[in-house]
Amino acid sequence: MSDLLDDGIHIVRRNSYSNDLIAQWTRLFQRCFGGSEDNATRVFQKYLLNDSRICYSVKEGTMVAAYCGLRLSHEDGAVFLSTDTMSDGTQKGSSVILGKRLYKSFVEEGIDIVCGYPNKNIRRIREKGLGWTLNGNLYLYMGIPFLWRFFKKPMNQNALWKLARPAGGWFTRKKPPLVNLLGSDGLYSSNPGLVITLSAYRPGVFFIKVPGFLFEPRSFGYKCLTEQTEKNNAFLEKIKYLNIDTIDIP
C-alpha cells in the first residue's frame, strides 16, 4: 500500500517498495550519513525483512527527507520502532513534519506506541517536536569466553517485540571476524570468537559491561498513542528488559 497525502508526503509499506524508491532511499542515506552504496543497501535490509513503513517527501523528483520504521508485534497490538530519520536539508523541520503525518496514520493500524533509540543529535527533536519521553538505555556487554553460557538470564521472557535480522544478525556491516551476536533466542552465529550483546540489564554472571567512553549507551524513548492506562503502564514496566532484538543495530 502506498499513499500520497494532500501535502505531497508519501507513505509507503514494504509490499509497495519499487526499485526506484529503494535507489532514491539509498542515495539519500549516503548523502546524510556517508558510506558506500553497499553499506546503504545492507542497512535497507531491515525494511525488507520486517513489516516496515517509510514516510518521505520529494522535491523535483528527488527524495529529500524520510522517516522510517518497523511495525512489530507486541502483546495484542503493535509498536512502531523508529529507525532511520534522514534529511538533506532541503525541507526544514522534516523529521517533525513527516513524523506527525506518519503517527496520524497509525490510528487504524493497531499501533499503540512509537518508540526507538534516538541518537544525541535528534533526541531534543523527538522530545520537543514529537512529544517523546526518554527513559531507558541499552548497554554493550561482552561474554567471558567459555563461561558466558553459565547462569545466563533468559532474554525472551518478557514478550518484547523482536526484529527479524539477516543471517549472522548484522544490519550495518558484513559480519566482522571473531565476533558473534547473542540475541534473545541464542547466538546468531557460532564461529570461534567473542560473544557480545546489547541489553538494558546484565544478561548473566559472566558478562562484562563495556565502559561508556568506549561504547555510548543507546538511549530509549517512546510516545504512547493510546490513552489506555493499563496498556501503557504494562509497556513502561518492560523498558528495563530491552535487549538487542528491540533495536536495529548493529
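The values are calculated or read from the model by the stated rules, or taken from the named source; none is laboratory data. Quick caveat: nothing in here was measured; it's all calculated off a predicted structure. Glycine also receives a Cβ, built like all others from the backbone with ideal geometry; neighbour counts cover every protein chain displayed. Surface areas here come from the heavy atoms of the whole protein model, side chains and all, with no ligands, DNA or RNA. Shrake-Rupley method; radii C 1.70, N 1.55, O 1.52, S 1.80 Å.
Using a simple spin-label model with pseudo-atoms 7 Å out from Cα toward Cβ, Leu187 and Lys100 lie 5.0 nm apart. Each Lys and Arg Cβ is given +1 and each Asp and Glu Cβ -1; about its Cα centre, segment 1-142 then shows a dipole of about 540 debye. Once the Cα-Cα distance is subtracted from the 0.36 nm per residue extended length, the Glu108 to Glu227 segment shows a gain of 41.4 nm. Between Lys153 and Asp76, the contour length at 0.36 nm per residue exceeds the Cα-Cα span by 25.2 nm.
Net charge within 9 Å of Tyr141 by Cβ-Cβ distance, Lys/Arg positive one each and Asp/Glu negative one each, not counting Tyr141 itself?
+2
Accessible surface calculations at 1.4 Å, restricted to protein heavy atoms, place segment 33-79 at 41 Å² per residue. Restricting the trypsin sites (Lys or Arg not before Pro) of segment 117-160 to loop positions (DSSP other than H, G, I, E, B) with no more than 16 neighbouring Cβ atoms within 10 Å leaves Lys120, Arg149. Roughly how many percent of the accessible protein surface of segment 131-174 is carbon and sulfur, given a 1.4 Å probe and a whole-percent answer? Taking all protein chains in place, segment 131-174 shows 59 percent carbon and sulfur surface. Entry comment: accessible area of segment 152-250 is 50 Å² per residue, from protein heavy atoms only and a probe of 1.4 Å.
Taking only the Cα atoms of segment 80-239, the radius of gyration and Dmax are 17.8, 53 Å. Each 5 Å bin from 0 upward holds the following percent of the Cα-Cα pairs of segment 46-101: 4, 20, 25, 21, 15, 9, 4, 2, 0.
Stretched out straight at 0.36 nm per residue, the stretch from Ser18 to Thr172 would grow longer than its current Cα-Cα span by 53.3 nm.
For segment 90-180, dividing the convex hull volume of the Cα atoms by the residue count gives 182 Å³ per residue. Surface listing: Tyr67, Tyr188 arranged by accessible area from highest to lowest gives Tyr188, Tyr67, probe 1.4 Å. The portion of the accessible surface of segment 62-127 made up by carbon and sulfur, rounded to a whole percent, is 44 (1.4 Å probe; DNA, RNA and ligands excluded).
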